[in-house]
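Heads up, the thing below is written out as structure tokens.
Rule-based calculations on the coordinates, nothing more; no lab input. All values reported here derive from a predicted model rather than from experimental measurement. Because the Cβ atoms are built from the backbone with ideal geometry, glycine has one as well, and the counts that use them run over all protein chains shown.
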Amino acid sequence: MEYSRIIETLGGEKTLGHPIRSRMDFVELGERGLTKSSLSHLAKSLSLSMKELARLLPVTERTLRRYGAQQHLSAVVSEQALQIAQVAATGSALFEDQEKFLAWLSIPSAPLGGEKPFDLLRSRFGIELVLDELGRIAHGLPA
């Protein structure tokens, strides 16, 4: 996993509040909670509004609106957002073009049961399926 792309997707180390050097740092970040500012960067990287991003997370848009930019979200919301950031970072690196990656997210995929990859980002298991599919694409493996 290339940490720098995930960090960039979330607004950089300054936005995250400390350096990320290992997977354990992501565990700690998830437990401490991402800030609303990091979520804003994630939404921007996926060309989503905060309302659209909230639909992928276990939080309502109304709750997100109440948070200040530097307020930390719950561990549950943060961990899901970190996993979505991993998808965003992996996909943009693989497709080497953000627009192509975003288009791929919105096209129904036979290997994903005819679902749009974007729609699977609502759950941890769906995110794992999308990451697995990105891995197969990266290695040229059939579905």
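Within the set of other residues whose C-beta is less than 12 Å from the C-beta of Tyr67, count the net charge using Lys and Arg as +1 and Asp and Glu as -1.
Details: positive: Lys36, Arg62, Arg65, Arg66; negative: Glu61.
Computed value for this residue: +3.
Amide H to amide H, with H built 1.01 Å from N, Glu115 comes under 5 Å of Ser109, counting only residues 5 or more places away or on other chains. In sequence order, the range 101-111 has phi-based couplings of 5, 4, 5, 4, 4, 9, 9, x, 10, 4, x Hz under the Karplus curve 6.51 cos²θ - 1.76 cosθ + 1.60, θ = phi - 60°, and Gly or Pro positions carry x. For the range 43-112 versus the range 119-139, the spacing of their alpha-carbon centroids is 13 Å.
Summarising the label geometry, the points placed 7 Å from Cα in the beta-carbon direction at Arg136 and Arg65 lie 4.0 nm from one another. The region of the chain that goes longest without hitting one of the GluC sites (Glu not before Pro) in a DSSP loop, each with at most 11 other Cβ atoms within 10 Å, is 3-95.
Dividing the convex hull volume of the alpha carbon atoms of the range 26-73 by its residue count gives 74 Å³ per residue. Simple spin-label estimate for Glu52 and Glu31 gives 3.5 nm between the two label positions (7 Å along the Cα-to-Cβ direction from each Cα).
Put simply, the C-alpha atoms of the chain give a gyration tensor, and the ellipsoid matching it has half-axes of 24, 17, 13 Å, longest first.
Normalised by the number of residues in the range 5-133, the average gap of Cα pairs under 8 Å and 6 or more apart makes the relative contact order 24 percent.
Looking only at trypsin sites (Lys or Arg not before Pro) in DSSP loops with at most 16 other Cβ atoms within 10 Å, what is the longest site-free stretch of the chain? The partial results should precede the final answer.
On the way: sites that count: Arg21, Arg55, Arg122.
The answer is 56-121.
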